[in-house]
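What follows is a short report on a single structure.
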Amino acid sequence: MKSKDSHDIPPDHPRYESLKLRAKVVDAYKAGILADSGLIAHGRGEAFDYLLGEKTSTVAKKAIETAAATLLLAEHPVISVNGNTAALVSEEIVDLAGALDAKIEINLFYRTPERVRAVKKVLRDAGALEVLGSEENPEHIKGLDSPRSRASREGVYKADVVLVPLEDGDRAEALVSNGKKVVTVDLNPLSRTAKTATVTIVDNLVRVIPSLTREVERLRGMDKSALQDITRNFDNQQNLKDSLKLMIGSYSRK
Ligand code: PTJ
């Protein structure tokens with residue numbers, strides 16, 4: 001049975017947008033794209049998003065600007081895609097990769113050949129011409145157990161900046177200790193990933209990826225030193241504290 005989708009959730013339902021996303025992840029789980037734990041991760045994200053008022057804060061906007069500058073300064077930017085990302089924003093990821101001339105690479109925490117195939121198909125159907133991450137003999141990122149350590153030679157292995165939405169803390173940590181800059185999107189400002197990444201955007205992936213593409217387009221004409229100024233003036237730990245403050249203050253906000 002197909003779960004409720006945008007056709008049978010009444011558009012005037014107060015939780016319409018949220019229910020539409022739920023239907024999307026449930027369908028993606030049934031199609032073998034999303035891991036069962038991906039549903040739990042989504043639910044956790046929903047709770048944090050509720051505290052943010054389900055909108056992009058000015059604090060997150062600052063992180064998005066910095067993420068765009070960091071990705072524009074990269075020589076080999078790579079976007080790492082897991083099940084939740086493929087389920088929610090595959091077309092938007094393809095647009096962002098196009099704007100940055102970045103590679104797209106699949107990396108799954110709960111990796112099976114079937115899920116890799118399913119995620120690859122979603123990305124191909126969304127317009128990706130090249131999808132890395134299913135090579136027979138990949139390189140490996142030091143400090144991680146297989147299969148999360150997998151890194152495509154032309155992708156994450158070579159990358160200087162990796163966008164890793166909804167990542168597990170271990171991998172973000174290993175990528176950073178292998179000398180890479182990590183940009184992440186995580187609604188939980190207290191997660192290990194959030195604390196470890198170079199730039200953490202505390203906001204919902206579905207709002208972030210289109211905004212990030214727009215920001216990349218806006219900053220594209222800037223010279224290198226102006227982009228470097230943006231990254232230098234950003235303090236990730238402070239940005240996380242500010243996001244947490246917003247969440248804690250949510251009860252007294254209108
Ligand atoms: O597809 P796989 O096999 O790679 O598995 C992916 C999951 C997400 C299951 C795996 O990486 C995992 O277990 O992640 P965690 O440790 O549960 O972390 C997920 C984080 O993403 C949590 O901190 C959530 O709050 C956050 N999150 C969930 N949905 C969103 C989100 N952040 C931004 N946007 C969302 N839509």
For region 220-243: of the residues being buried (at least 17 other Cβ atoms within 10 Å of the Cβ) and hydrophobic (A, V, I, L, M, F, W, C), which is farthest from A47 (Cα to Cα)?
L227
Within region 4-14, identify whether any single residue is in contact with a helix residue (DSSP H, G or I) (Cβ under 9 Å, 6 or more places away or on another chain), among the small types (G, A, S) and at pLDDT below 95, and answer yes or no.
yes
Among the numbered criteria (1) out of contact with any strand residue (DSSP E or B) (no Cβ under 7 Å at 6 or more places or on another chain); (2) within 13 Å of the ligand (Cβ to nearest atom), which single criterion is violated by E65?
(2)
Go through region 25-46 residue by residue and tally those that are within 10 Å of the ligand (Cβ to nearest atom), open to solvent by 30 Å² or more (accessible area, probe 1.4 Å) and over 22 Å from M247 (Cβ atoms).
3
Find the residue count for region 87-133, including only residues that are within 24 Å of A74 (Cα to Cα) and open to solvent by 50 Å² or more (accessible area, probe 1.4 Å).
8
Of everything in region 47-85 that's farther than 19 Å from P210 by Cβ and assigned to a helix (DSSP H, G or I), which residue is least open to solvent (accessible area, probe 1.4 Å)?
G83
Listing of strands (runs of 3 or more DSSP E) fully contained in region 135-219 that carry 1 or more residues being surrounded by fewer than 22 Cβ atoms within 10 Å (Cβ to Cβ) and more than 16 Å from the ligand (Cβ to nearest atom):
181-185
Within region 68-89, residues in contact with a helix residue (DSSP H, G or I) (Cβ under 7 Å, 6 or more places away or on another chain), away from the ligand (no atom under 13 Å from the Cβ) and not β-branched (V, I, T) come out as A68, A69, L71, L72, L73, P77
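The values are calculated or read from the model by the stated rules, or taken from the named source; none is laboratory data. What you see is a predicted model, and the numbers here were worked out from it, not measured in a lab. Note that each Cβ is placed from the backbone with ideal geometry, even for glycine, and that neighbours are counted across all protein chains shown. Areas reflect the complete protein model, heavy atoms only, side chains present, ligands, DNA and RNA absent. Shrake-Rupley method; radii C 1.70, N 1.55, O 1.52, S 1.80 Å.
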